[in-house]
Amino acid sequence: MKAIRVHEFGPPEVMRIEDTPQPEAAAGEVLVRVKAAGVNPVDSYIRTGTYANKPSLPYTPGSDAAGLVESVGEGVTRVARGDRVYVHGSLSGTYAEFALCKEPQVWPLADAVSFEQGAAVGVPYATAYRALFHRAHAQPAETLLVHGASGGVGIAGTQLARAAGMTVIGTAGSDRGLQLVREQGARYALDHHNSGYLDELMKVTGGRGVDVILEMLANVNLDKDLNVLAKHGRLIVVGSRGTAEINPRSAMSRDANILGMTLFNASEQDLKSIHSALVAGLENASLKPVVGQTISLADAARAHHAVMESGAYGKIVLVP
Ligand code: NAP
């Protein structure tokens with residue numbers, strides 16, 4: 001089968017397409033014929049070799065995909081050959097024509113959801129769900145700021161929060177990103193490159209601020225976030241690409257909760273609960289993943305450049 005292989009850590013160009021042996025499903029495993037694979041920022045951090053979780057070389061990148069079940073190992077009961085599925089996590093990597101998974105890493109994909117959309121579910125939707133409901137304990141009628149709403153996690157967070165009855169304010173850094181954020185159900189879309197956009201947020205919340213913040217770039221925004229959080233608010237650090245300085249008094253005065261999260265800390269039971277909710281949301285169409293760019297698997301390097309650029313518009317997916 002064709003697969004992207006990384007033989008040394010480094011820039012996107014270390015990813016090369018090669019012929020590799022097709023894996024076989026052993027007991028408890030599922031082999032998925034990949035129709036589309038999701039590209040996440042973490043895939044590019046891992047590829048550089050500087051991330052905490054470092055795979056042994058050579059490896060095939062990717063944790064997200066959607067496709068058809070090709071074969072199942074002994075004892076697998078949840079899926080059968082031919083089923084449409086999405087994948088969150090894999091034993092062999094998803095940037096390939098086939099991905100070998102453990103049975104709990106494979107979930108049914110509703111007929112109305114395309115394979116490209118299915119490839120956009122795994123990490124982004126699981127992260128947004130975990131941040132909102134396991135970490136922030138978000139409630140209907142609360143107000144949420146999705147600080148970075150135009151990308152994979154932000155769109156997922158916006159859709160999940162709207163389905164749960166929250167009011168969403170989302171930010172983006174381009175006109176088409178702002179339009180996309182509005183289309184996902186955000187009541188207000190603000191440009192995070194405009195000076196004064198958080199003054200606008202305070203205005204539209206009547207000076208109260210927001211109950212919950214999903215923060216995609218904490219090194220830039222953490223201190224500012226604390227000033228737009230309502231009393232007893234919860235700020236979830238989802239993404240950060242550096243250090244931040246804050247004024248602790250801003251946290252004291254509002255009994256603020258600053259919470260970190262990484263999806264790697266979610267247990268198998270947590271993931272079961274998360275994906276059960278996501279499968280239902282995909283089935284009832286409250287969750288509609290947005291794919292902005294579809295790129296050929298052989299061009300994976302281009303996808304890794306694109307995922308680190310500004311002007312996000314939903315997900316980037318690879319097709320074999
Ligand atoms: P993505 O699709 O590349 O989206 C990045 C988002 O950040 C876009 O909405 C982008 O907006 C926005 N952004 C850029 N500059 C910003 C600023 N100054 N203030 C606020 N937002 C800004 O990435 P993603 O998949 O959504 O992931 C978002 C972040 O979360 C990444 O850093 C990723 O590594 C991290 N993450 C963490 C976990 C975890 O377990 N903690 C899991 C998944 C992802 P524009 O491009 O429109 O400016």
Query raised in the report: Can you give the relative contact order of segment 124-264 as a percent, counting alpha carbon pairs under 8 Å and 6+ residues apart?
Result: 22 percent
Query raised in the report: So how far, in whole Å, is the C-alpha centre of segment 73-119 from the one of segment 120-196?
Result: 26 Å
Query raised in the report: Where in the chain are the helices, taken as whole DSSP H runs, whose Cα atoms extend 18 angstrom or more along the long axis and whose Kyte-Doolittle mean reaches at least 0.0?
Result: 268-283
Query raised in the report: How much FRET efficiency would the formula 1/(1 + (r/R0)^6) give for R241 and A80, where r is the Cβ-Cβ distance and R0 is 56 Å, rounded to 0.05?
Result: 0.85
Query raised in the report: When the dipole is taken about the Cα centre of the chain, and only Lys, Arg (+1) and Asp, Glu (-1) are charged at their Cβ, what size is it in debye, to the nearest 20?
Result: 580 debye
Query raised in the report: With the contact rule set at Cα under 8 Å and sequence spacing of 6 or more, what percent relative contact order holds for segment 203-307?
Result: 20 percent
Report summary line: Ranked from fewest to most other Cβ atoms within 10 Å of their own Cβ, F264, F133, F115, F98 fall in the order F264, F133, F115, F98
Query raised in the report: Per-residue ellipticity at 222 nm for the chain, helices alone: DSSP H runs ≥ 4 residues times -39500 (n - 2.57), over residue total, nearest 500 deg cm²/dmol?
Result: -7500 deg cm²/dmol
**Report entry** Length-normalised contact order for the chain - Cα pairs under 8 Å, 6+ apart - percent
**Finding:** 19 percent
Report summary line: Taking L100, L144 and counting other beta carbon atoms within 10 angstrom, the fewest-first order is L100, L144
Query raised in the report: Toward the positive end of the charge dipole of the chain, about the Cα centre and with charges on Cβ (Lys, Arg +1; Asp, Glu -1), which of L259, A99, G49 goes farthest?
Result: L259
Query raised in the report: If Lys and Arg each add +1 and Asp and Glu each add -1, what is the summed charge of the other residues whose beta carbon sits under 15 Å from the beta carbon of T50?
Result: +1
Report summary line: For segment 130-235, shape from the Cα gyration tensor axes a ≥ b ≥ c, cut at a/c of 1.5 then a/b versus b/c, turns out rounded
Query raised in the report: Where does each of Y129, Y188, Y45 land when they are ranked from fewest to most other beta-carbon atoms within 10 angstrom?
Result: Y45, Y188, Y129
Report task. Work out from phi, with θ = phi - 60° and the Karplus expression 6.51 cos²θ - 1.76 cosθ + 1.60, the ³J(HN,Hα) of each residue of segment 13-25, listed in order in whole Hz, and give x for Gly and Pro. Result -> 5, 6, 7, 10, 8, 9, 8, 10, x, 6, x, 10, 7
**Report entry** Within a Gaussian network of the chain (alpha carbon springs, distance under 10 Å), most fluctuating of S92, S267, S240
**Finding:** S267
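All of the numbers you see were taken from the coordinates with simple rules; none came from a lab. Since the model is a prediction, treat every value here as computed from it, not as a measurement. Heads up, the Cβs are rebuilt from the backbone with ideal geometry, glycines too, and the neighbour counts pull from every protein chain shown.
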